[in-house]
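Enquirer: One structure, pasted below without further comment.
The values are calculated or read from the model by the stated rules, or taken from the named source; none is laboratory data. Quantities reported herein were computed from a predicted structural model and do not represent experimental measurements. When we count neighbours, we look across all protein chains shown, and the Cβ atoms used for this are built from the backbone with ideal geometry, even at glycine.
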Amino acid sequence: MGVNEVRPRGLLTFPRGRLVKRINTNHKEHDVASYLELHDTQSNNELNRRVQAACAIAAETIRGEDVGTTNHANRLTWAAGVFVDPGGESRRMLWAVLAANKDSTVAQITGATDAQIQTAVDTAVDLFATG
């Protein structure tokens, strides 16, 4: 770069005047959640309540599904467990939801739509429906 040239923000000059993009070493909201942040997110009250509601909806859907559905008997057992102890089952489910979203930011995880949370729960049900 010449004496009067202005270097664009966020760029570093390396030997031979080559510009490269600066690697952001400061944790910002756009970075994926760290393991500690994922752990801390499990105590987010709003997210817990939303996953609990999604578990109840999944359980009700399972209650009405065709008996020929793969793993149906175990899924019914899981569904009954949700209705007996929704908090316990949803806390277990929350960890599956968090792990499945490990490449997301905390803001993306906590800001997920109800439909996104429902899909994550529905996808993980068979992990817990083991009889």
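Enquirer: Name every residue in segment 45-77 that is charged (D, E, K, R) and either in contact with a His (Cβ under 7 Å, 6 or more places away or on another chain) or exposed (fewer than 14 other Cβ atoms within 10 Å of the Cβ) (or both), in order of residue number. Write out each step before concluding.
Expert: Residues of segment 45-77 charged (D, E, K, R): 46, 49-50, 60, 63, 65-66, 75.
Scanning segment 45-77 gives Glu46, Arg49, Glu60, Arg63, Glu65, Asp66.
Enquirer: Given (1) over 11 Å from Val51 (Cα atoms); (2) β-branched (Val, Ile, Thr); (3) in contact with a Lys or Arg (Cβ under 8 Å, 6 or more places away or on another chain), identify the lone condition not met by Ile117.
Expert: Only one criterion in (1) over 11 Å from Val51 (Cα atoms); (2) β-branched (Val, Ile, Thr); (3) in contact with a Lys or Arg (Cβ under 8 Å, 6 or more places away or on another chain) is unmet by Ile117, namely (1).
Enquirer: Do we have Val97 as assigned to a helix (DSSP H, G or I) and under 8 Å from the mean Cα position of the chain (by Cα) here?
Expert: Numbers: assigned to a helix (DSSP H, G or I): yes; under 8 Å from the mean Cα position of the chain (by Cα): yes.
Here the answer is yes, as Val97 does meet what is asked.
Enquirer: Cβ-Cβ under 9 Å, sequence separation 6+ or interchain: first residue in segment 112-125 and at pLDDT 95 or above, partner assigned to a helix (DSSP H, G or I) and charged (D, E, K, R). Which pairs?
Expert: Here the result reads Ala112/Arg50; Asp114/Arg50; Ile117/Arg50; Val125/Arg75, each pair linking segment 112-125 to a residue that is assigned to a helix (DSSP H, G or I) and charged (D, E, K, R).
So that you can scan it fast, the table gives a plain yes or no per residue for (1) more than 30 Å from Asp31 (Cα to Cα); (2) not small (Gly, Ala, Ser):
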| site | (1), (2) |
| --- | --- |
| Ala79 | yes, no |
| Pro86 | yes, yes |
| Arg91 | no, yes |
| Trp95 | no, yes |
| Val106 | no, yes |
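Enquirer: Against the definition (under 24 Å from Thr130 (Cβ atoms), in contact with a helix residue (DSSP H, G or I) (Cβ under 7 Å, 6 or more places away or on another chain) and modelled with pLDDT of 95 or more), how does Val67 come out, yes or no?
Expert: Working: under 24 Å from Thr130 (Cβ atoms): yes; in contact with a helix residue (DSSP H, G or I) (Cβ under 7 Å, 6 or more places away or on another chain): no; modelled with pLDDT of 95 or more: yes.
Considered against the rule, which asks whether it is under 24 Å from Thr130 (Cβ atoms), in contact with a helix residue (DSSP H, G or I) (Cβ under 7 Å, 6 or more places away or on another chain) and modelled with pLDDT of 95 or more, Val67 comes out as no.
Enquirer: Shifting gears a bit: If I ask for residues that are within 21 Å of Ala59 (Cβ to Cβ), surrounded by 12 or more Cβ atoms within 10 Å (Cβ to Cβ) and among the aliphatic types (A, V, I, L, M), which ones from segment 100-126 would you list?
Expert: Result: Ala100, Ala112, Ile117, Ala120, Val121, Ala124, Val125.
Enquirer: Is it true that Ser90 is surrounded by 15 or more Cβ atoms within 10 Å (Cβ to Cβ), of a type in the set (S, T, N, Q) and not in a helix (DSSP H, G or I)?
Expert: Details: surrounded by 15 or more Cβ atoms within 10 Å (Cβ to Cβ): yes; of a type in the set (S, T, N, Q): yes; not in a helix (DSSP H, G or I): no.
Criteria not met by Ser90.
Enquirer: Something else about it: Can you work out which of the residues in segment 112-131 that are of a type in the set (A, V, I, L, M, F, W, C) and part of a loop (DSSP other than H, G, I, E, B) is nearest to Asp31 (Cα to Cα)?
Expert: Our first condition is that a residue be of a type in the set (A, V, I, L, M, F, W, C); within segment 112-131, this holds for 112, 115, 117, 120-121, 124-125, 127-129.
From the residues that got through so far, the ones that are part of a loop (DSSP other than H, G, I, E, B) too are 112, 129.
Numbers: Ala112: 16, Ala129: 33 Å.
It comes out as Ala112.
Enquirer: Every residue in segment 100-111 that is in a helix (DSSP H, G or I) and without any contact (Cβ under 8 Å) to a residue 24 or more places away in the chain, please. Break it down into steps so the answer makes sense when it comes.
Expert: Step one: filter segment 100-111 for residues in a helix (DSSP H, G or I), giving 100, 106-110.
Correct list: Gln108 only.
Enquirer: Select from segment 84-99 the residues that are more than 11 Å from Val51 (Cβ to Cβ) and either without any contact (Cβ under 8 Å) to a residue 60 or more places away in the chain or among the charged types (D, E, K, R) (or both) and list them in ascending order.
Expert: Val84, Asp85, Gly88
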